1. Arg85: net charge of surrounding residues, Cβ under 13 Å, Lys/Arg +1, Asp/Glu -1, itself excluded?
2. Could you check the spin-label model distance between Thr61 and Val25? Points 7 Å from the Cα along Cα→Cβ, value in nm.
3. Tell me which GluC sites (Glu not before Pro) from the range 27-82 have a DSSP coil assignment and no more than 14 other beta carbons within 10 Å of their own.
4. Given all pairs of different Cα atoms, what value in angstroms does the Kirkwood hydrodynamic radius of the chain take?
5. Can you compute the FRET efficiency between Ser79 and Asn45 using 1/(1 + (r/R0)^6), with r the Cβ-Cβ distance and R0 = 25 Å? Round to the nearest 0.05.
Amino acid sequence: MSFLVRLGDEVSIDVAAKRQGQNYVTEVRRRGDVRRVIGVVVPQNSEIRSVRLDGERVDATLVRTARGLEVRVSAGRGSGVAELRVTIR
């Protein structure tokens, strides 16, 4: 799944999400100076094995929602591409 969100004349983000077995991947491409929090929703009772942002282990905020367990990380400010990969057991 992929979609484009315009946030003004010079700012936009492209978001793509996919599942690969036990891996949930969200990729965000931002154009313009944008502060990002990237997330992915995994099944409610999932055990998180690892959370990586651009290949590096990071701490995440976990939020239980009606949709499942939301995993959120801060990706800082600026332009460019970031990939969040959450692996469950």
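The numbers here are math on the coordinates, done by the rules we state, and not lab data. On a predicted model such as this, the values are computed, not experimentally measured, just so you know. Cβ coordinates were reconstructed from backbone atoms using ideal geometry, including for glycine residues, and neighbour counts include every protein chain displayed.
1. For residues surrounding Arg85, the net value is +1.
2. 2.6
3. Glu47
4. This gives a value of 13.4 Å.
5. Numbers: r = 37 Å, r/R0 = 1.48.
In this case the efficiency is close to 0.10.
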